[in-house]
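Below: one structure, written as structure tokens.
The values are calculated or read from the model by the stated rules, or taken from the named source; none is laboratory data. The shown structure was predicted, so the numbers you read here are calculated from the model rather than taken from an experiment. As a convention, Cβ positions derive from the backbone with ideal geometry for all residues, glycine included, and neighbour counts pool all protein chains shown.
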Amino acid sequence: MTTHPDELAGLTGLFSDQELQIAASVRALCAAEVEPHVARWFEQGEPDDPRGLMRKLGDLGLLGMHLQGYGCAGTSATEYGLACLELEACDSGLRSMVSVQGSLAMYAIWRWASEEEKQRWLPGMAAGEIIGCFGLTEPDHGSDPAAMRTRARRDGDDWILDGRKMWITNGSLAGVAVIWAQTDEGIRGFAVPTDTAGFTANTIHHKLSLRASVTSELVLDGVRVPGSAAFPEVRGLRGPLSCLSEARYGIVWGAMGAARTAIECAQRYATEREQFGRPIGGFQLTQQKLADMTVEYVKGVLLAVHLGRMKDAGSLRPEQVSIGKLNNVREAIDICRTARTILGANGISLEYPVIRHANNLESVLTYEGTVEMHTLILGQKLTGQDAFR
Ligand SMILES: Cc1cc2nc3c(=O)[nH]c(=O)nc-3n(C[C@H](O)[C@H](O)[C@H](O)COP(=O)(O)OP(=O)(O)OC[C@H]3O[C@@H](n4cnc5c(N)ncnc54)[C@H](O)[C@@H]3O)c2cc1C
């Protein structure tokens, strides 16, 4: 008889009935709508019907679920975290779809746009009828977005945007793009309808990671938007960073979902696969791998719960999110790679979820602040010295 890592560590006891119910309903949606197809989506490089999938995620109340009003579910941060864990247990691309919609695009509008723009976009986005994307990264400016070249200039009451954004999740699907651009007043955010003349989205192909997720280049060539599209108050990197902190929080949980799936798969495989006349799970070296993976998974979930409870209490700080993002993604990718070795040659096949998760986590390791950026954030707090430049 085997014991599940959650049971071994008593993890379910950390959550209320309502929290567990939300996790179960997300798990059920994944099992019905995504799991049977996701390996094929990964292979073909896109989901069959991403717009239909977004509407199903909206029907379950998962889009902008921790936001209040405008058709959003208004759940706790811990409930949102558990949803991210279940989504990413299925595929990091699925969790990315929800993170970008809810924590980046919707959060940016919810937090920073005018009331008129909130009313215009948020209810449709919560329902999954309007897809949003978040354009911060550029071809030449990733970790250092302050140096971005995309520019917005005033023309009467309007703004005109020119520039390029790169690696933008959901870019080719989006009806609204949150674009961050240099202005004479510093960096400002804009909610840009993607059917505006001069706006183009080109899907990026040949990715070997997050293949079940759409990633795009955005080209803005004299894109004219009314003054109301500009976020009225926020200036500088404070705007985009506030959104990134939200999305990073979801990743803290999500990464442990990918890790859980890899452990479950390796655990099952270790009991079924026989070599030298016995299950490979009977060898001490395999047991050590499973034990080490489980210990890191349990620590990662405990960290996520700790950060989630702080977020619900309103006390979570960005550098604390960095601790979680740095640790949990780094450990999750390590867990997936170790699980891969337990599966031997089968570990490199899409017949099993492990290599898909390991490859996906390569993107998760880089986006929303690379390992190096989060290390420098913590280093800065620990020493008082800024080592970014
Ligand atoms: C699948 C995918 C989806 C994405 N979705 C989005 C999205 O929706 N919206 C969006 O805006 N962006 C998105 N991104 C972009 C992502 O946020 C960037 O790739 C990330 O910020 C890193 O930027 P970069 O790739 O330009 O790498 P660079 O910034 O060029 O970094 C390259 C390497 O140098 C290191 N480095 C840089 N500066 C320093 C330093 N000071 N000290 C030490 N090391 C340093 C980095 O850590 C990294 O290892 C996505 C990326 C991927 C892969």
Please state which one of Ala212, Ala266, Ala270, Ala247 is assigned to a helix (DSSP H, G or I), within 24 Å of Pro353 (Cβ to Cβ) and within 16 Å of the ligand (Cβ to nearest atom).
Ala247
Scan segment 107-119 and give yes if some residue there is under 17 Å from the mean Cα position of the chain (by Cα), under 14 Å from Gly61 (Cα atoms) and in contact (Cβ under 8 Å) with a residue 40 or more places away in the chain, otherwise no.
no
Would you be able to say whether some residue in segment 28-41 is under 16 Å from Cys243 (Cβ atoms) and either within 16 Å of the ligand (Cβ to nearest atom) or modelled with pLDDT under 95 (or both)?
no
With the requirement that a residue be of a type in the set (Gly, Ala, Ser), more than 12 Å from the ligand (Cβ to nearest atom) and surrounded by fewer than 21 Cβ atoms within 10 Å (Cβ to Cβ), what does segment 147-162 give you?
Gly156
Looking only at segment 344-389, and only at residues there that are of a type in the set (Asp, Glu), part of a loop (DSSP other than H, G, I, E, B) and surrounded by fewer than 20 Cβ atoms within 10 Å (Cβ to Cβ), the one that is farthest from the ligand (Cβ to nearest atom):
Glu351
Filter segment 26-59 for residues that are surrounded by fewer than 18 Cβ atoms within 10 Å (Cβ to Cβ), under 19 Å from the mean Cα position of the chain (by Cα) and over 14 Å from Asp91 (Cβ atoms) and give the result.
Arg51, Arg55, Lys56
Might you let me know whether segment 286-306 holds any residue that is at pLDDT 95 or above, of a type in the set (Phe, Trp, Tyr), in a helix (DSSP H, G or I) and farther than 20 Å from Arg95 by Cβ?
no
Scanning for something assigned to a loop (DSSP other than H, G, I, E, B), within 13 Å of the ligand (Cβ to nearest atom) and not β-branched (Val, Ile, Thr), does segment 165-180 turn up at least one residue?
yes
Write out, first by first residue and then by second, each pair whose Cβ atoms fall under 6 Å of each other, whose residues are 6+ apart or on separate chains, and whose first residue, in segment 143-169, is farther than 21 Å from Val100 by Cβ while the second is within 12 Å of the ligand (Cβ to nearest atom) and in a strand (DSSP E or B).
Ala147/His141
I'd like to know if segment 83-92 contains one or more residues that are within 10 Å of the ligand (Cβ to nearest atom) and either within 19 Å of Glu246 (Cα to Cα) or acidic (Asp, Glu) (or both).
yes
Here are Ile131, Ile109: which of them is more than 13 Å from the ligand (Cβ to nearest atom), of a type in the set (Val, Ile, Thr) and surrounded by 24 or more Cβ atoms within 10 Å (Cβ to Cβ)?
Ile109
Only residues that are in contact (Cβ under 8 Å) with a residue 60 or more places away in the chain and closer than 21 Å to His37 by Cα: list them for segment 341-362, please.
Asn346, Leu350, Glu351, Tyr352, Pro353, Val354, Arg356, His357, Ala358, Asn359, Asn360, Leu361
